[in-house]
Each structure stands twice: as structure tokens, then as C-alpha cells.
Amino acid sequence: MTKHNCIVVNLDKCLGCYGCEVACKMENDVALGEHWSKVILRGPLGEYPNMVKYPLPTMCQQCENSPCVHVCPTGASYRDPDTGIVLIDKEKCIGCKYCMMACPYGVRDWNVATKTVEKCTLCGHLTAQGELPACVKSCAGGARFYGDLDDPDSDVSKELAKYAASDIHTLPDVGNAPATKYIMTSIHGAWKEGE
Amino acid sequence: MAIQWSLVLFTAIAGAGAWLFACVGASEFKTFGTKAVWPSSIVALVLLIIGGFASLSHLSHPERVFGALGHPTSGIFTEALLLGLTALCVIVYMVLLKRETGEKARKVLAVVGIILAVVFMFACGSSYMMASRATWNSIALPLGYLGTAAASGCSLYLLMCAIVKDDGAMGFAGLASTGAGAAATVLSLVFGCTSGAAFGSDAPVFWVVVVVCGGLVPAVCGWLARKGGDKTLAYAAIACAGGLAGSIAFRAVMWMVGTAVMNCFGITL
């Protein structure tokens, strides 16, 4: 049975330290100016005095109906049948960049050296050995979680279970059903993505 | 979003070629002069080939392009297939024309060529209909591709007729340019209004180059050139230049207004 592995980010705990971004670069040897993971500082949003500002860690959202996979002409973008993770076979990538156009969030990047598209792999080389993705391991605030959404005992499921549905968010969904979840309660701010 | 010029030129050039051949095909059903048929067929084939190379130049690893054969539902595969079929249609038509044989077969190929010109350009535009880019995700986009390609191809046919002095075909060519120019005007306006290109910072390019040069100029010049005369070549040249400029500009504007839902990494492609 295909798993639904993804990242859950608890923004109530996120420090905005960019540690996940740095760890990703170090682990995956992502070149200067290129990203697989990036923290965006959102805001100030809203109107005074009800304004919010929060760090938003972004990476491949592991969409269940992933448009990048649908448009890829060679099958280079594919969903791994075992882990359910959307991956790129760089040996098949022709560099047409259609997947970059189709990604609603702009979280695929161009590797200048290999002239192929790259993105977050959820550190498959680590998770295959039972380790956590580098961004999760290095998160100073303990805000990032990795696991199978369908497994109630996974870290992501257990963290999500602590919160009401109204506190759990995704990036704007245009039919792609992003699997990545963001937790943000009203104590710490208001979710503004998609507004 | 950065303009992907190789993709712009691919559909603009190949579209002009496909519609030039569609005009040649339409002339199969008329009894007027046929002096422009052979040179127009050659030009159409050359444009299709150049368009194909422009498409390949967009790829960083063209040597892996045959991997697309395993995924026949992708937009790139469909575009490549239709481009190849159109080129094949032109080649077979030219062989029959040169051998002065197969009159019925030529008519069949003419009909196939016209259908392919429509389907090919519509398919090229529909490849960009993506939920991630709201400005593109409308039927107005492929219709705009279709209309502007028709205007450039028909006005090019008008120019070919003017160059070879195919006076018998000028009436049809002029009306074709007028009709296609009018269609390009309407369809471009629909895309401009639905995507916002007609109102934003890119509005000057849209109105001047896409609507006026790409639509109105081929329409007006085609009308003026339809009865022949001393200025026919000048009118045809202006119509063709306008049609091609409009077709290219329409595709460039598409990229200029093509913003994604979010652009987290700040990528411009």
C-alpha cells in the first residue's frame, strides 16, 4: 500500500532560524543560489492593529494530485510506488521545465550544473535507512515532523492529532491536494496563505 | 515570469507554417491561379522544420527527448506528434504536386492539413492550461494561439501570392488574411481581458503589437490587397509582418502575465 509521507511544520514552534534551509543545502549539496527548501518571511500582513508576520518554511508539498508528474513528458517526475514521495529521475529529465511551470508553489529549482530540475526528496537516502530528513533532524525548535499521514503512530499524525482542524493548514490548493501540513493556532498568528 | 523565447518562436513559426499550408490546402478547392501553391508549400515545410528546431533548443537534454514516446498523454508529445504529422502531410502533398498526380489524394491531404493546422495550434496553447497559473488556465489561451497563428499564416500566404504575382489567388488570399486577422483580433481580446494582459503593465505591448499589428493590420491590409494593384505587395508585406509580430507578441505576453499561485523560491525560469 502506498504511503503518504510528508513534512508537517508546526509554525507555533518555528523560530524562523533558517536551520532547515541550511541543513537541506548541506545534506543535499544544493548549490549557491539554488534551493530545495526555503524559509520565506511572510508579512507584515493584515491591517493595524491586527497584523501578523511569520516564517513560512517551504519545499515540495508532496501533492497527492501532483501536476508536475502529470505534465512531465518523459516520466522523469514520478511518484515512488513504495514511499509515495514525488521524485525526479534526473537521467530522464530533458529540461523542458514544464514541471516548474505546473508547480503551483514554485518549489522546484533548476540545477545549473546538471541542467535538470531538482527538488526536495524528503531525504530519501536517509529515510530509507530509518533516519529523519535533514531539515527535521536539525530543526532547533522541534517544529518539523516527518512520516506517513496514513499511519496514526507516525510523528506527523501524532502532532496533527494535538490540534483542531481549524489550526491545520495547507498552501493554497488548486486541485493538487498538497500533503504538507502547517499548524498555526490563533495564539501565535493567523494563517494568511491564499488570501 | 521570464519569456521562454524558444517556446514562443516554436509555436509562432510552426503555426505560421501550418496555416500557410492550410491556405494552400484551401486553394485546392478553388479554380483560381496556383502559382503560389508550390513555393508556399516549400516555405510551410521550412517553417515547420525551423519551428521544430526552436522547440528542441528549449531543452537542456534533447538527446533524451525520445523518452517522451513512453508518455503519449503529455503536452510535449502531442505537440511533437502534430508537428510531425503536419510536416508529413506537406511532404506527401508536395510529392503528389510535383508528380502532377493524385488529384483526389491532394484534396484529402488539403483537408487533413487544414484540420491539423487547427488542432496543432489549439493543442500547443492547451499545453499551457495549468491550474497553477490562473491567467493561462482558460480556453481563451489556446483559442488565442489558434487565432494569431491563423493570422500570421494567412497573411504569409497573401505575401507569397503577391511575390509570385498569383493574381488569380489574391482575392481568396486577401479575404483569408482579413478573416484570420479579424479572428485573431477577437480571440486575442478575449485572452487579454480574461488574463488581465489588456489592463496591466503589459497592456501597451498587448494592444499595440498583439491586437493592432497581429489582428487589425492583417485584416485591413488583406482587405486592401484582395483586388490586386500596384500596392498589393506592400499591403501583403505589411500584413505578414504584422501577423508574425502579433503572433510572437501574443505568446510573449502569455509569459509576461503567467504568474503562479505562489513563487516560494523566487524562480523566474
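Computed from the coordinates by the stated procedures, all read-outs in this text should not be read as laboratory data. Note that the coordinates shown come from a computational prediction; the quantities given were computed from them, not determined experimentally. Here the Cβ positions follow ideal geometry from the backbone for every residue, glycine too, while neighbour counts run over all protein chains shown.
Among the lysines of chain B, pairs at least eight places apart or on separate chains and with Cα atoms under 14 Å apart come to 6. Each residue, B:F199 and A:M51, gets one label point 7 Å from its Cα in the Cβ direction; the gap between the two is 2.9 nm. Couplings 3J(HN,Hα) for region A:145-151, derived from phi with the Karplus relation 6.51 cos²θ - 1.76 cosθ + 1.60 (θ = phi - 60°), are 9, 10, x, 8, 4, 7, 9 Hz, where x marks Gly and Pro.
In chain B, the sites counted are chymotrypsin sites (Phe, Trp or Tyr not before Pro) in DSSP loop states with at most 16 other Cβ atoms within 10 Å, and the longest stretch holding none of them, exclusive of the sites, is B:33-198. Of the trypsin sites (Lys or Arg not before Pro) found in region B:98-194, those in coil by DSSP whose Cβ has at most 11 other Cβ atoms within 10 Å are B:R99. What residues from region A:47-69 fall in the zone where the backbone N is under 20 Å from a label point 7 Å along the Cα-to-C-beta line of A:D150? Inside the label zone: A:61-67, A:69.
Note on B:L175 and B:I91: the model spin-label points, each 7 Å out from Cα along the C-beta direction, lie 3.4 nm apart.
If both residues of a DSSP beta bridge must be in chain A, then about 90% of such bridges are antiparallel. Scanning residues 5 or more positions from A:R42 or on other chains, those with amide H under 5 Å from its amide H are A:Y54, A:L56, with H placed 1.01 Å from N in the peptide plane.
What percent does the relative contact order of chain A come to when contacts are Cα pairs within less than 8 Å and at least six residues apart? Relative contact order of chain A: 30 percent. The modelled label-to-label distance for the pair B:M129/A:H125, using points 7 Å beyond Cα in the direction of Cβ, is 4.1 nm. Shape class for chain B, computed from the alpha carbon gyration tensor (a ≥ b ≥ c): oblate, with a/c not under 1.5 and a/b at or below b/c.
Within the protein assembly as shown, DSSP assigns beta bridges of which about 90% are antiparallel (rounded to the nearest 5). Of the trypsin sites (Lys or Arg not before Pro) found in region A:82-151, those that fall in a DSSP loop while having at most 15 other beta-carbon atoms within 10 Å are A:K90, A:K115.
Shown for chain B are the DSSP H helices of 15 Å or more along their axis, judged by Cα atoms, with a mean Kyte-Doolittle hydropathy of at least 1.6: B:5-27, B:37-56, B:75-98. To the nearest ten degrees, helix A:19-28 and the longest principal axis of the Cα atoms of chain A are 10 degrees apart. Under a Cβ-Cβ cut-off of 15 Å, what is the net charge of the residues other than B:G25 that fall near it, where Lys and Arg count +1 and Asp and Glu count -1? Around B:G25, the charge tally is +2. Left without a cysteine partner by the 4.7 Å Cβ rule in chain A: A:C6, A:C14, A:C17, A:C24, A:C63, A:C72, A:C93, A:C96, A:C103, A:C123, A:C139.
With a 10 Å cut-off around each Cβ of A:168-178, the average count of Cβ atoms from other chains is 2.
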